[in-house]
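Just below is one structure, and these are the notes that go with it.
The values are calculated or read from the model by the stated rules, or taken from the named source; none is laboratory data. Bear in mind that the values here come from a model prediction, so they are computed numbers and not experimental data. Cβ: placed from backbone, ideal geometry, glycine included. Neighbour counts: every protein chain shown. Heads up: the accessible areas ignore ligands, DNA and RNA and are worked out on the full protein's heavy atoms, side chains in. Shrake-Rupley method; radii C 1.70, N 1.55, O 1.52, S 1.80 Å.
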Amino acid sequence: MQTVLSLFLFVAAIAYAEYRFRKLSARQDDDQREANSRFATKEGLHATTEQLTVKQHDELRALNERMTSLEQRTFFSKEKPAGQAVHTAPVVQEVADPPVVYFRWPADDGTFDDRARSLVQTEDTYYEFSFHDDRSKADVRFVTMNETQLSKANNSSKKYIERACDFTGAKSIHYICHPGTAHLERGRWIIDQKVKIEYN
């Protein structure tokens, strides 16, 4: 009886060992197939990249050839045919800066951005710049169109007035303005002499 049991255990151990061997072998086969698949994918990507590179190179060469052809045609079309008059292009005159522009209110540092200039006075503009001849300096005036606009400036004096102006007297709707001066530097108008406002 003991012999039969030992024989049974021996056979079971061999069967289990064979089972484990087959399972490991199957896993190795799966790993090999996966590695082969990855390798094939990598090779495919490499080949596709090379094809794209060749295609892009061909397209670039074709584009260069077309540009060369167009340049040649343009060159020959500019040559004057025999007996034909030469036409010159009209002279374009430069448009000078307007003598006067308007700005809304100064930035926190008291400067004005030249890109924000306006050619017309509106209820949103508070400063008039009259350019000097070289267009890099200007006389500056505080200007308003009506009492409502002036009252708005008086009520927010630090924003609208005090950054670019000195004033005397109690704020009212009546005032006299003495111009200040400014110069243009790197796209911004810098106040050299503040505008003077006399309220009366």
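Quick notes on this one:
- In a fully extended conformation the segment linking Asp124 and Asp29 would gain 26.1 nm over its present Cα-Cα distance, using 0.36 nm per residue.
- Inter-site label distance for Asp166 and Arg186 at 7 Å from Cα along Cβ, in nm: 2.7
- Chain lengthening between Tyr16 and Asp134 when straightened (0.36 nm per residue, less Cα-Cα): 32.3 nm
- Ordering Val100, Val195, Val120, Val143 by accessible surface, largest first, gives Val120, Val100, Val143, Val195; the 1.4 Å probe counts only protein heavy atoms, with every chain in place.
- Per DSSP, loop GluC sites (Glu not before Pro) in segment 93-200 with at most 16 further Cβ within 10 Å: Glu94, Glu123, Glu162
- For the pair Ile176 and Thr148 in one chain, pulling the backbone fully straight at 0.36 nm per residue adds 8.4 nm over the alpha carbon distance.
- Summing charges over all other residues whose Cβ lies under 12 Å from the Cβ of Cys165, with Lys and Arg as +1 and Asp and Glu as -1, gives +4.
- Placing +1 on the Cβ of every Lys and Arg and -1 on the Cβ of every Asp and Glu, with nothing else charged, gives segment 145-200 a dipole about its Cα centre of roughly 240 debye.
- 3J(HN,Hα) from dihedral phi, segment 166-176, Karplus parametrisation 6.51/-1.76/1.60, rounded to Hz, x for glycine, proline: 10, 9, 10, x, 6, 4, 8, 8, 10, 7, 10
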